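Inspection log for the structure reproduced underneath, given as structure tokens.
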There are 2 protein chains.
Amino acid sequence: MSAADELIEHNVRYADKYDGPRPVIPSRHLTVVTCMDSRMDVHALLGLDLGEAHVIRNAGGVVTDDVIRSLAISQRRLHTQSVVVIHHTDCGLLNLDEDAFVAELAAEGTEPPTWRPRSFADVDADVAECVAGLRSSPYLKATDDIRGFVFDVGTGLLREVA
Amino acid sequence: MSAADELIEHNVRYADKYDGPRPVIPSRHLTVVTCMDSRMDVHALLGLDLGEAHVIRNAGGVVTDDVIRSLAISQRRLHTQSVVVIHHTDCGLLNLDEDAFVAELAAEGTEPPTWRPRSFADVDADVAECVAGLRSSPYLKATDDIRGFVFDVGTGLLREVA
């Protein structure tokens, strides 16, 4: 049994109660940028309803070219105007050894990736760096309302840091 | 009032009912790759509980270097073994004019981005291309259980396409 099978069965029950199409433009004009971490149910922890906000997630919730691409489309084609960046405690990227990670790939005979794993040592400082990176990006259209938080996976609480 | 203020107020109530820390390793050993679209509450539509799966999201749910980076970390450091790729109907990237998008940036005097907007014309075909891209990536460790779906924002149903 594939990992997806149980989820697909659930989805049929979800669709039974699904209340139809909503506009493609997010009604809160908001984009959330956060980590892929399994302990973060973004809609639940922020109280987001369907149709309200874009959600961009990657390893760390860090600002990469792909996050800038996604935000540029979110702002320039789908009219979002605010950004919330959320890292979290106990992140897999905290103090990940980048050189060991790249060396592991090399040992398997693969070409070195063009990307770095993008680890960090201080979660608060990294949120501040990400927020600053977004504020100074020439590709974004709306940079006035960008705020940075850390989610505590122990308590479920957000703490504003930037 | 910033877009975030109401969400932060909600989060305090969320934390009141939050039932504490869970392991960093996703218990279903699964990673979901999907679009940032506001009509997709990934946990709800798949029936995912906290701690079960990584969720990677960008504009389109397309495979980029940053998705490969995130998946490589997910599989090599956090022991996930399965991937589900989900695009959706009525996507903002469907037939987005890439040249016009890049020209808009140029007209503002910004350097051309190193990334392309990454639009697509056929959602089923793009899911298949993304799944194939993941299966052949040398950076991933587990490529046997990778499945591709389209989510219908009108009905709430998933349809398997790859």
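The values are calculated or read from the model by the stated rules, or taken from the named source; none is laboratory data. All values reported here derive from a predicted model rather than from experimental measurement. No Cβ is skipped: glycine too gets one built from the backbone with ideal geometry, and neighbour counts run over all protein chains shown. The protein model used for the area step is the full one, side chains on, heavy atoms only, and it has no ligands, DNA or RNA in it. Shrake-Rupley method; radii C 1.70, N 1.55, O 1.52, S 1.80 Å.
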I'm trying to understand the selection: among the residues of region B:73-88, which are among the hydrophobic types (A, V, I, L, M, F, W, C) and either over 16 Å from A:ASP37 (Cβ atoms) or open to solvent by 10 Å² or more (accessible area, probe 1.4 Å) (or both)?
B:LEU78, B:VAL83, B:VAL84, B:VAL85, B:ILE86
What is the residue count in region B:46-64 for residues that are more than 21 Å from A:ARG39 (Cβ to Cβ) and touching a helix residue (DSSP H, G or I) at 6+ places or on another chain (Cβ under 7 Å)?
4
Matching residues in region A:1-28 (closer than 30 Å to A:GLY148 by Cα, facing chain B (nearest Cβ under 7 Å) and surrounded by fewer than 24 Cβ atoms within 10 Å (Cβ to Cβ)) number 3
Only listed residue being over 20 Å from A:ALA4 (Cα atoms), of a type in the set (Val, Ile, Thr) and touching a residue at least 24 places away in the same chain (Cβ under 8 Å), chosen from B:THR110, B:THR80, B:THR64:
B:THR64
A:PHE120 fails exactly one of the following numbered conditions: (1) in contact with a helix residue (DSSP H, G or I) (Cβ under 6 Å, 6 or more places away or on another chain); (2) facing chain B (nearest Cβ under 8 Å). What is the number of that condition?
(2)
